[in-house]
1. At 0.36 nm per residue, and after removing the present C-alpha to C-alpha distance, how many nm does the segment from H84 to K67 gain when stretched out fully?
2. Once you have the Cα-Cα distance between E155 and L134, take 0.36 nm times their residue separation minus that, and quote the gain in nm to one decimal.
3. Show which aspartates and glutamates lie in cross-link reach of K76 when reach means a straight Cα distance below 17 angstrom and same-chain residues fewer than eight apart are skipped.
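Taken together, the values in this text are just the output of simple stated rules run on the coordinates, not laboratory data. Note that the coordinates shown come from a computational prediction; the quantities given were computed from them, not determined experimentally.
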Amino acid sequence: MDLVLEALPLWRERRKKKLEVRLAAAIAGRAVHAGLTGKSALANRHASSCLPISTMPARHDTDLLFKALADPNRRKLLDLLYAHDGRTLNELVDQLDMTRQGVTQHLDVLEAANLVATVRRGREKLHYLNPVPLQEIYERWISKFEKPRLKAIAELKRKLEKTNG
């Protein structure tokens, strides 16, 4: 009985993570793209309107995101999903020079980092790219370094146009 009580918080955390992934897919408009209709689409719409959305990932989530992006095979998987969203595991395995088990393990890491959302359609599990964490990383880490350079280029352009015109 004690073992069951100890496992309950782990189960709740996993369930919460699964709901967050489904929510991200619904927010990204993937539910319609995946062919969800009727009650499934209604459930996704209801979940997206009721569940709280975190705008910035926690430190642990950011570490998972960078770990997921560090591997070239996982980046290739993301490129494949960007080219054609909603692929099954078999379709991804056909495109890569890896075993089915290797692709599955890489997809699990991408799912843990919230970069890939999955939707079950019958016996198939469709994988969709979730660009939200990448956009958050861009806004936090990259855009602030772009602003001074863009400002300097605009100032240079203005000065050159002033001297030439």
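1. The H84-K67 span can extend by a further 3.8 nm.
2. Details: separation 21, 0.36 × 21 = 7.56 nm, distance 2.98 nm.
Result for the pair: 4.6 nm of gain on full extension.
3. D85, E91, D94, D97, D108, E111
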